[in-house]
1. Could you list, ordered by first residue, the pairs with Cβ atoms under 8 Å in which the first is in the range 51-63 and more than 13 Å from D78 (Cβ to Cβ) and the second is assigned to a loop (DSSP other than H, G, I, E, B) and not aliphatic (A, V, I, L, M), at least 6 apart or interchain?
2. Just one of L59, L54, L86 is farther than 18 Å from L148 by Cα and surrounded by 20 or more Cβ atoms within 10 Å (Cβ to Cβ); which is it?
3. Determine which single condition E93 fails, assuming it passes every other condition in (1) assigned to a strand (DSSP E or B); (2) closer than 16 Å to D165 by Cβ.
4. Among the residues of the range 123-137 satisfying the criterion of being without any contact (Cβ under 8 Å) to a residue 12 or more places away in the chain and outside any strand (DSSP E or B), which is farthest from D167 (Cα to Cα)?
5. Can you go through I46, I82 and tell me which one is part of a helix (DSSP H, G or I) and touching a strand residue (DSSP E or B) at 6+ places or on another chain (Cβ under 8 Å)?
6. For the range 164-177, state whether one or more residues are farther than 18 Å from H63 by Cα, touching a residue at least 40 places away in the same chain (Cβ under 8 Å) and in contact with a Phe, Trp or Tyr (Cβ under 7 Å, 6 or more places away or on another chain).
7. Hey, among the residues in the range 97-122 that are free of Cβ contacts under 8 Å to residues at least 40 places away in the same chain and either within 16 Å of the chain's Cα centre (by Cα) or part of a loop (DSSP other than H, G, I, E, B) (or both), which one's surrounded by the most Cβ atoms within 10 Å (Cβ to Cβ)?
8. Please work out if A74 is in contact (Cβ under 8 Å) with a residue 40 or more places away in the chain, among the small types (G, A, S) and closer than 30 Å to G36 by Cβ.
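The values are calculated or read from the model by the stated rules, or taken from the named source; none is laboratory data. What you see is a predicted model, and the numbers here were worked out from it, not measured in a lab. For neighbour counting, all protein chains shown are included, and Cβ atoms are generated from backbone atoms with ideal geometry for every residue, glycine included.
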Amino acid sequence: MAIPGVLARAALLLSALSGFSACSPASSRATPRPTGCVGHDQAREIWRSLDDRLNAIVLDPAHAGLEDIATGNALVQDRRYIQEMLVAQHVTEREVNRLDSLTVLDGGCNGGTLRIRVALTLTQDDYLAPDGHVDHSDPAVGATFHLLESYLRAGSGWKQSDYADADAPSPTPQLLSG
């Protein structure tokens, strides 16, 4: 898959944040605290749990459950990716990513947006035909990607609201002469 596709899939991996308390230690997750902040260890644990849910969505021929884990721009981009790269091509995707690093940029305190930066390496990415054989594999396997991700609180969990390639050049501002 091309880099934009990898970014869409990587974003999917980080979009299913649910069931974790925002600020309590791992042993006391039963009662979410909506004004709490997400720390590094919790964000890492959340990312790991998301990987399984999102990989299941793209591997499932029905691609069910995306609305449960994404909202806003992330949902729009993820739907587009699933429709254009999977459904239209009559394939599903078996992807595995390795989380190399994660940095919490904004802990989502006081009901705010959780923002993280991740580095992940694509370790497997096979596109499967309806009969289950590998139709093709992504040549980007082995590459490392850096993403900026944003999440909004949704009940006791989180939904991904946006994502971007952290390595992409930012647009050059237009200077107006006057």
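1. Note: pairs meeting the criteria are A56/G65; P61/P130.
2. On the way: L59 fails: surrounded by 20 or more Cβ atoms within 10 Å (Cβ to Cβ); L54 fails: farther than 18 Å from L148 by Cα.
Criteria check complete, one pass: L86.
3. (2)
4. By that ranking, first place goes to D131.
5. On the way: I82 fails: touching a strand residue (DSSP E or B) at 6+ places or on another chain (Cβ under 8 Å).
Among I46, I82, only I46 is part of a helix (DSSP H, G or I) and touching a strand residue (DSSP E or B) at 6+ places or on another chain (Cβ under 8 Å).
6. No, the conditions are met nowhere in the range 164-177.
7. Step one: filter the range 97-122 for residues free of Cβ contacts under 8 Å to residues at least 40 places away in the same chain, giving 98, 101, 106, 112, 115, 119, 121.
When the remaining residues are screened for being either within 16 Å of the chain's Cα centre (by Cα) or part of a loop (DSSP other than H, G, I, E, B) (or both), the result is 98, 101, 112, 115, 119, 121.
Numbers: R98: 12, S101: 11, G112: 13, R115: 18, A119: 16, T121: 15.
Looking at the filtered set, the residue picked out is R115.
8. Numbers: in contact (Cβ under 8 Å) with a residue 40 or more places away in the chain: yes; among the small types (G, A, S): yes; closer than 30 Å to G36 by Cβ: yes.
Yes: the conditions hold for A74.
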